[in-house]
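Data first, discussion second: the structure below is written as structure tokens.
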């Protein structure tokens, strides 16, 4: 799952901007633009990864299903989620199945973003993270990859 906690968000932005941050209200351009930014994030994936993406649907939803009950899980807001059997775990038996799903949650990403470029970067990171789960990387491996490539 792709979680980005408040403290991690602040550190990320402080590092980028060099100044402390006040709580933000969020940034939105609407659903159509958001979906286009998700397409751009998928297009920005390294070529080898894009070639190996198969039988996976990337879906944009407004909120995570748990939003109405619980806005935050352990202080972290759910930004994206991978549903399926990772490529690493597929065996000879895998076939004739419905597509795996990568769900990107629009409102949480907008809430943590303060500008258009910030929103696009947060979307890109979330897509990268969830695609990593599709390939079978666990949270620790993904953190390492994110540090090295983002």
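Residues are listed down the side, and each one gets a yes or a no for (1) at pLDDT 85 or above; (2) under 21 Å from residue 118 (Cβ atoms):
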residue	(1), (2)
1	no, no
8	no, yes
17	no, yes
23	no, yes
57	yes, no
70	no, no
94	no, no
98	yes, no
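Looking at (1) surrounded by fewer than 21 Cβ atoms within 10 Å (Cβ to Cβ); (2) assigned to a helix (DSSP H, G or I); (3) in contact with a helix residue (DSSP H, G or I) (Cβ under 6 Å, 6 or more places away or on another chain), which is the only condition residue 123 fails? Here residue 123 meets the rest and fails (1).
Scan the stretch 97-148 for residues that are free of Cβ contacts under 8 Å to residues at least 12 places away in the same chain and within 19 Å of residue 43 (Cα to Cα) and the total you get is 2.
With respect to the conditions (1) surrounded by 22 or more Cβ atoms within 10 Å (Cβ to Cβ); (2) closer than 21 Å to residue 53 by Cα; (3) without any contact (Cβ under 8 Å) to a residue 60 or more places away in the chain, residue 87 lacks only one, and its number is (1).
The values are calculated or read from the model by the stated rules, or taken from the named source; none is laboratory data. Worth saying up front: this structure is predicted, and the values here are computed from it rather than measured. Positions of Cβ are generated from backbone atoms using ideal geometry, with glycine treated the same way; all protein chains shown enter the neighbour counts.
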